[in-house]
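**Q** My questions all concern the structure below.
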Amino acid sequence: MSATVGLISLGCAKNLIDSEVMIGHLAEAGMSLTPDPELADVLIVNTCSFIDIAKKESIDAVFGAVKARTDDPDRARQKIIVAGCLSQRFAKDLPGLMPEVDAFIGLDQVTKVAPIIRNLLGEGALPAPADGEGASATDDPRDFVTLKPKFVPDYTTPRFRLTPDHFAYVKIAEGCNHTCSFCIIPQIRGRHRSRSQESVVREVESLVRSGVKEINLISQDTTYFGMDQWSGERPKPSSPVDSSKGESLSTLLRALNAIEGEFWIRLLYTHPAHWSDELIETIAACDKVAKYVDIPLQHISDRMLDAMKRVTTGGHIRDLLRRMRAGIPGLGIRTTFIVGFPGETDDDFRELMEFIREFRFERAGVFQYSKEEGTRAYGLPNQVHHMTRRSRWSRAMAELQRIAAETNKAQVGKTVRVLVESPGVARTEWDAPEIDGSVHVPAGLTVGEFATVTIGDWRGYDLVATH
């Protein structure tokens, strides 16, 4: 019997690719896929657990699936698999906390989901562990989580894209070597491991041939691409990057820029520690690289950057941003900040607000600090009261909204190139999919194609094109 499998994918674009890889392997194994959980023999919930709100969403989705199975006699035999970051992070605890779940799989098991499903349905044996994979995190027979993830996708990895035809995410590396004190990701996804440049280029070539118009490069730390493969000493944080030592983000961008076709290349999730003049010059020189950079800065106060273990300083960040603005004409910068981190004083917050007003980021957001168990910051003294965190968040968001309104007002009258997202909706090169604003365009423009429009008005975070 061929199993029918449903999948609920939560979290970020990096998690979405894991879902796409699972679906690709299920399809290759001849299993049927359904968007309707009620029709699934097996339902996979691919979870996120980056911060509390993501954990809650994931847990609610799992228990929602369990309740639906309990309430519907037709689903009584349905198997439920919990995958992704929640399984990886809490592998030792979840089998006991969620006895109703039939299996837990980790990040290294996304390519083995088909044989795991066959075993759950009594149709086959479990896959043998790969060399050096090690044992599961618990002795529970439902647990398939390996403690230290090593998997990174390749261009040959089966994958079924869940994004619209005109854009795709490409994961160029997995894991992270930074130890930011607020972040649990390195403990979940392991050490940084880059794909080869050839692998990424071949995947992008295939995507462009299939009609994709926007390539979104993602990883936990995009700017560290290739450096983990260099021989000898790795570059120190905030030190110049020398691509003569091997592959880097700069060499990758130049190789991708040489691919024939009309498409954008977008950079997401860059870290300020390994930016270089070479990377700035590369972005400026490559016409297919969108003049848009996603660079989460988190704070500007030296006290906070040190406490967050960001391996940068306020002076480094200010200098880098000035060099980026000067070196990349028409650049749009997206960033995020954290307010209410333990020990943040009124002076620290005041410095952050002055920084926001000075640099006037084209796209930006603010998060309230989330106290995450297992992180270095979890036990820090001087935790900021939740009302203070919320007040600072509100004030910072109000300032960013004011700047966004002025930025959008300044676009009125300009002629811009857009990628049509859906009937009547498009995005500029300053707008990443599912993150930033949109442009309301004439409904007759072809979806999935580039168009040139004139901005006539703006509404909140969105622009309105007259023609």
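The values are calculated or read from the model by the stated rules, or taken from the named source; none is laboratory data. All values reported here derive from a predicted model rather than from experimental measurement. Reconstructed Cβ throughout: ideal geometry from the backbone, glycine too, with neighbour counts over all protein chains shown.
**Q** Condition first: in contact with an Asp or Glu (Cβ under 8 Å, 6 or more places away or on another chain) and either closer than 20 Å to H25 by Cβ or at pLDDT 95 or above (or both). Can you find one or more residues in the stretch 82-95 that meet it?
**A** Within the stretch 82-95, one or more residues are in contact with an Asp or Glu (Cβ under 8 Å, 6 or more places away or on another chain) and either closer than 20 Å to H25 by Cβ or at pLDDT 95 or above (or both).
Let's see how each residue does on (1) surrounded by fewer than 22 Cβ atoms within 10 Å (Cβ to Cβ); (2) under 19 Å from T336 (Cβ atoms); (3) not aliphatic (A, V, I, L, M):
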site: V289; (1), (2), (3): no, no, no
site: P296; (1), (2), (3): yes, yes, yes
site: H299; (1), (2), (3): no, yes, yes
site: G314; (1), (2), (3): yes, yes, yes
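**Q** What number of residues within the stretch 419-446 are of a type in the set (A, V, I, L, M, F, W, C) and in contact with a Leu (Cβ under 8 Å, 6 or more places away or on another chain)?
**A** 4
**Q** Let me ask something else about it. Picking from D165, D139, D228, D154, which residue would you name as being outside any loop (DSSP other than H, G, I, E, B), of a type outside the set (G, A, S) and over 27 Å from Y369 (Cβ atoms)?
**A** Only one candidate qualifies: D228.
**Q** Something else about it: Restricting to the stretch 20-74, and then to whatever is polar (S, T, N, Q) and not in a loop (DSSP other than H, G, I, E, B), can you tell me which residue is surrounded by the most Cβ atoms within 10 Å (Cβ to Cβ)?
**A** Keep residues of the stretch 20-74 that are polar (S, T, N, Q), which gives 32, 34, 46-47, 49, 58, 70.
Among the residues that remain, those that are also not in a loop (DSSP other than H, G, I, E, B) are: 32, 46-47, 58, 70.
Numbers: S32: 14, N46: 26, T47: 28, S58: 24, T70: 11.
By that ranking, first place goes to T47.
**Q** Moving to a separate point now. State all residues of the stretch 452-467 that are within 12 Å of V418 (Cβ to Cβ) and crowded, with 18+ Cβ neighbours inside 10 Å; if no residue qualifies, say none.
**A** Once the filter is applied, which keeps residues that are within 12 Å of V418 (Cβ to Cβ) and crowded, with 18+ Cβ neighbours inside 10 Å, the stretch 452-467 yields V453, I455, L463, A465.
**Q** Let me ask something else. Residues being under 30 Å from S210 (Cβ atoms) and outside any strand (DSSP E or B): count how many of those fall in the stretch 442-467. Explain how you work it out, then say what you get.
**A** First, the residues of the stretch 442-467 that are under 30 Å from S210 (Cβ atoms): 442-453, 462-463, 465.
Narrowing the set further to residues that are outside any strand (DSSP E or B) leaves 442-449.
So the count comes out to 8.
**Q** Let me confirm something: among G340, G330, which residue is over 19 Å from P272 (Cβ atoms) and surrounded by 19 or more Cβ atoms within 10 Å (Cβ to Cβ)?
**A** G340
**Q** Is there a residue being over 21 Å from I51 (Cβ atoms) and not in a loop (DSSP other than H, G, I, E, B) anywhere in the stretch 333-343?
**A** Among the residues of the stretch 333-343, at least one is over 21 Å from I51 (Cβ atoms) and not in a loop (DSSP other than H, G, I, E, B), which makes the answer yes.
**Q** Let me ask another. Would the stretch 429-441 turn up any residue that is of a type in the set (S, T, Y), surrounded by fewer than 12 Cβ atoms within 10 Å (Cβ to Cβ), in a loop (DSSP other than H, G, I, E, B) and outside the structural domain of I295 (by TED's automatic domain parsing)?
**A** no
**Q** Restricting to the stretch 168-186, give me the number of residues that are among the aliphatic types (A, V, I, L, M) and not in a strand (DSSP E or B).
**A** 3
**Q** For the stretch 370-396, which positions are among the charged types (D, E, K, R), surrounded by 13 or more Cβ atoms within 10 Å (Cβ to Cβ) and assigned to a loop (DSSP other than H, G, I, E, B)?
**A** As a first pass, look at the stretch 370-396 and keep what is among the charged types (D, E, K, R): 371-373, 376, 389-390, 392, 395.
After this cut, where a residue has to be surrounded by 13 or more Cβ atoms within 10 Å (Cβ to Cβ) as well, the list is 371-372, 376, 389-390, 392, 395.
Selection gives K371, E372.
**Q** Further, regarding this structure: Out of everything in the stretch 196-238 that is at pLDDT below 95, more than 21 Å from the chain's Cα centre (by Cα) and of a type outside the set (G, A, S), what residue ends up being surrounded by the fewest Cβ atoms within 10 Å (Cβ to Cβ)?
**A** The extreme case among them is E233.
**Q** Which of the residues that make up the stretch 360-392 are among the β-branched types (V, I, T) and within 25 Å of the chain's Cα centre (by Cα)? If you could, list the steps in order and put the result at the bottom.
**A** We begin by selecting, within the stretch 360-392, every residue among the β-branched types (V, I, T); these are 366, 375, 384, 388.
Of everything in the stretch 360-392, those that are among the β-branched types (V, I, T) and within 25 Å of the chain's Cα centre (by Cα) turn out to be V366, T375.
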